[in-house]
Amino acid sequence: MQTVTSLDPLRNALAVLRQDGPIALVPTMGALHEGHLTLVREARKRAAHVVASIFVNPRQFGANEDLSRYPRPLERDQALLKAEGTSLLWAPTVEAMYPDGYATNISVSGVSAGLCGEDRPGHFDGVATVVNKLFNQVQPDLAFFGEKDWQQLAVIRRMARDLDLALPRVEAIHGVATVREADGLALSSRNVYLSPEQRAQAACLPRAMDAAIGALRAGAGVAGALADLVTTLIDGGFSSVDYAEVRTADSLSPVAALDGRLVRLFVAARIGGTRLIDNKPV
């Protein structure tokens, strides 16, 4: 596996790889876990070569968020990607991604509103901007993202469609099901911030979500099911709940009552200093 950190070597390496067939891109911020590696495995099934990117994007972190302490175990990540058969790692510096004088920002309205878009102002602008740059830099035939960040996936799909990006079609942006621990907690690079006690308490999140989904499917009202979910999380050790909402799966429109549309349950909650997000189909 080759690792490149600047654009000219990237373009040269891609020109060689492209001779063999389709290229799949797996964008990450590093600190890889089984969820990321699952994306690589899915990508390998559909492409001749997999290009992974690792870039801790400062533009998607807020002023009081964890940019400075976000884990960056590059050598470990390189070994994991190599073991999975990744052909190329694109690991640009901040200066390579945002050169001096950089002044362009991409904003995707609608699907970026509410949920994490409300609690993290500017976050999805940063996501859309960096993913657009990654698509332009790598020019992949396919791209793979985890469904744990469902709102992010919706933002990226809308951006690709609206800007007529070079990907052959929006369907070339693949969402891959969330990978979970044995107790149901969604894998996340931020799980390493949890103390052993907090990690045990965090398992309350998927359990509470499953209970709320079960209640909704049994005919409970949305407001009541969500109120019970919040109470369960607080009683289970979470310090606060940023949001607990039911929204449509495609446009992320708020849902006050189930009416036959495909909907998902979205939750963000804090335990200690760590913010956990999750979503599941209802």
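The values are calculated or read from the model by the stated rules, or taken from the named source; none is laboratory data. Keep in mind the model is a prediction, meaning the values are calculated, not measured. Neighbour counts are summed over all protein chains in view; Cβ atoms, including those assigned to glycine, are modelled from backbone coordinates with ideal geometry.
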From the option list Ala96, Ala43, Ala52, single residue qualifying as crowded, with 19+ Cβ neighbours inside 10 Å, assigned to a helix (DSSP H, G or I) and touching a residue at least 12 places away in the same chain (Cβ under 8 Å) is Ala43
Of the residues in the stretch 237-272, those that are among the aliphatic types (A, V, I, L, M) and loosely packed, with under 15 Cβ neighbours inside 10 Å come to Ala256, Ala257, Leu262
Picking from Ala186, Ala160, Ala208, Ala143, the residue that is touching a residue at least 24 places away in the same chain (Cβ under 8 Å), small (Gly, Ala, Ser) and within 23 Å of Pro71 (Cα to Cα) would be Ala186
Evaluate the stretch 226-237: report whether one residue or more is touching a strand residue (DSSP E or B) at 6+ places or on another chain (Cβ under 7 Å) and in a loop (DSSP other than H, G, I, E, B). yes
Picking from Leu14, Leu74, Leu88, Leu81, the residue that is touching a His at 6+ places or on another chain (Cβ under 8 Å) and more than 20 Å from Gln152 (Cβ to Cβ) would be Leu88
**OP:** Please tell me if Leu216 is more than 21 Å from Gly117 (Cα to Cα), modelled with pLDDT under 95 and either among the hydrophobic types (A, V, I, L, M, F, W, C) or over 23 Å from the mean Cα position of the chain (by Cα) (or both).
**Re:** no
Checked Val138, Val127 against criteria (under 21 Å from Arg270 (Cβ atoms) and either out of contact with any Pro (no Cβ under 6 Å at 6 or more places or on another chain) or of a type outside the set (Asp, Glu) (or both)); the one match is Val127
Filtering the stretch 183-225 down to residues that are outside any helix (DSSP H, G or I), aliphatic (A, V, I, L, M) and either closer than 17 Å to Lys148 by Cα or in the same structural domain as Arg76 (by TED's automatic domain parsing) (or both) yields Leu185, Ala186, Leu187, Ala203
Picked from the stretch 244-273 (must be touching a Leu at 6+ places or on another chain (Cβ under 6 Å) and not in a loop (DSSP other than H, G, I, E, B)), the residue nearest to Asn191 (Cα to Cα) is Ala269
Exactly one of Phe124, Phe135 is among the aromatic types (Phe, Trp, Tyr), closer than 28 Å to Val16 by Cα, in contact (Cβ under 8 Å) with a residue 60 or more places away in the chain and part of a helix (DSSP H, G or I), and that residue is Phe135
Only one of Ala208, Ala202 is over 27 Å from Arg72 (Cα atoms), of a type in the set (A, V, I, L, M, F, W, C) and crowded, with 16+ Cβ neighbours inside 10 Å, namely Ala208
For the stretch 228-254 the number of residues that are touching a Lys or Arg at 6+ places or on another chain (Cβ under 6 Å) and farther than 16 Å from Gln152 by Cα is 3
Determine if the stretch 234-250 includes at least one residue that is at pLDDT below 95, closer than 24 Å to Ala113 by Cα and in contact with a helix residue (DSSP H, G or I) (Cβ under 8 Å, 6 or more places away or on another chain).
yes
